[in-house]
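Nothing in this text is a laboratory measurement; each read-out follows from the coordinates by a stated rule. Quick caveat, the model's predicted, so the values are computed rather than measured. FYI the Cβ positions are ideal-geometry reconstructions off the backbone, even for glycines, and counts take in every protein chain you see.
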Amino acid sequence: MGVFQAAILYPLAAAVLHSLYQLSTRFLSRTDGTLTTLIYSASTGAVLLSLVVPVFWVAPGPLEMVLMVVIGIFAIIGHFCLIKAFEAAPPAIVSPFHYTNLIWSTLFGYILFADLPDMWTVTGALIIAGSGLYIFHRERTHGLVDGI
């Protein structure tokens with residue numbers, strides 16, 4: 001328990017919120033149009049994040065404003081592509097592509113911070129990716145995923 005600190009709850013909350021984001025995008029993409037789903041998700045995120053702004057806000061400079069706009073544009077494009085992917089294919093096909101985040105995170109961590117994951121992180125990543133790929137394989141062999 002000596003390692004446990006309140007800060008450990010931040011990544012846990014981020015993981016829970018990210019999974020809720022993925023689930024809501026998946027369910028909305030079934031019934032609503034792409035732009036409607038995009039607006040719902042962006043609006044919900046903006047409202048929820050606005051609740052913590054008074055606590056953490058630091059006024060950005062001009063460079064930071066430009067970077068926030070660029071990040072926002074890439075986020076919109078990425079979310080649009082995710083919505084289109086869920087419209088075009090079942091989640092069992094789309095979800096394994098999220099595991100490339102593990103590769104990109106490792107690559108950028110090494111390039112920007114000269115940091116590589118330890119054995120426990122690699123083990124956890126392999127368990128997560130392996131279980132997702134197993135689910136994909138199981139659904140494919142049981143005929144739950146069409147078209148492949």
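Brief remarks on what is shown
- Among the candidates 86, 136, residue that is closer than 28 Å to residue 30 by Cβ, touching a residue at least 60 places away in the same chain (Cβ under 8 Å) and not polar (S, T, N, Q): 86
- Selection within segment 11-20 - surrounded by 10 or more Cβ atoms within 10 Å (Cβ to Cβ) and not hydrophobic (A, V, I, L, M, F, W, C): 18, 19
- In the set 89, 13, 85, 42, only one residue is farther than 30 Å from residue 137 by Cα and of a type in the set (Gly, Ala, Ser); that residue is 42.
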